[in-house]
Amino acid sequence: MQNEGDWEPVRLLSTAARLVRREVDNKLRAVGLTQERVTVLRVLLAEGPMRRAELARRLRVTAQTLGTALVSMAAQGLVEEVSAETVGRSGRWMAISERGQKLLADAENLEQDDSTAGIGPELRSELIALIRGLEHGKQQRPSGTPPLAGVQQNGSPLAAASEPPLPG
């Protein structure tokens, strides 16, 4: 087995992301959710009904990927399509259902009981800065914070994976 200290940065980030997602999803399965679904529900709860295309943009995923997830979430009773008249605008709008709100509250209680894989506020800030910097074509970080070791190679940022935004 290769020493993690020798791994390239993209491998470190993708491995950490996969392991954190697995840990979180295992906890969320107890209430019938996944991290992906929790993220969708959080956005809909905070922002209210929205068009699928806008929801996909806010989640930083493709409309096709989101569409597949929304079909499954609607079948599970987590989201529902609301009429254009309800929101006063044309188009197809999605909203969080009452069941989705209840399960989201259950998921948030689970999160409060146990921190996510030891990701504290400093690492969280660093990751957010990395994501925003990569999206804008340059690496940014909070002032006074050292860069993630090895994140830049030869002065150019690594390509970011298409992941949902970090809540909060």
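The values are calculated or read from the model by the stated rules, or taken from the named source; none is laboratory data. Just so it is clear, the model here is predicted, and its values are computed rather than measured. Here the Cβ positions follow ideal geometry from the backbone for every residue, glycine too, while neighbour counts run over all protein chains shown. Ligands, DNA and RNA are stripped out before the accessible areas are found, and what is left, the full protein with its side chains, is counted by its heavy atoms. Shrake-Rupley method; radii C 1.70, N 1.55, O 1.52, S 1.80 Å.
The table that follows gives values for the structure above.
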item: Tally of residues being among the small types (Gly, Ala, Ser) and either open to solvent by 40 Å² or more (accessible area, probe 1.4 Å) or closer than 15 Å to residue 103 by Cα (or both) across segment 33-51; result: 1
item: Residue among 150, 88 that is open to solvent by 30 Å² or more (accessible area, probe 1.4 Å), under 30 Å from residue 11 (Cβ atoms), over 20 Å from the mean Cα position of the chain (by Cα) and modelled with pLDDT under 85; result: 150
item: Conditions (1) exposed (fewer than 13 other Cβ atoms within 10 Å of the Cβ); (2) more than 22 Å from residue 134 (Cβ to Cβ); (3) modelled with pLDDT of 90 or more: number failed by residue 96; result: (1)
item: Residue 19 vs. criteria under 18 Å from residue 82 (Cβ atoms) and either in contact (Cβ under 8 Å) with a residue 24 or more places away in the chain or polar (S, T, N, Q) (or both); result: no
item: Residue match in segment 16-35 (condition: under 13 Å from residue 93 (Cα atoms) and under 16 Å from the mean Cα position of the chain (by Cα)); result: no
item: Hits in segment 110-141 - residues which are in a helix (DSSP H, G or I), open to solvent by 60 Å² or more (accessible area, probe 1.4 Å) and at pLDDT 75 or above; result: 121, 122, 123, 124, 131, 132, 135
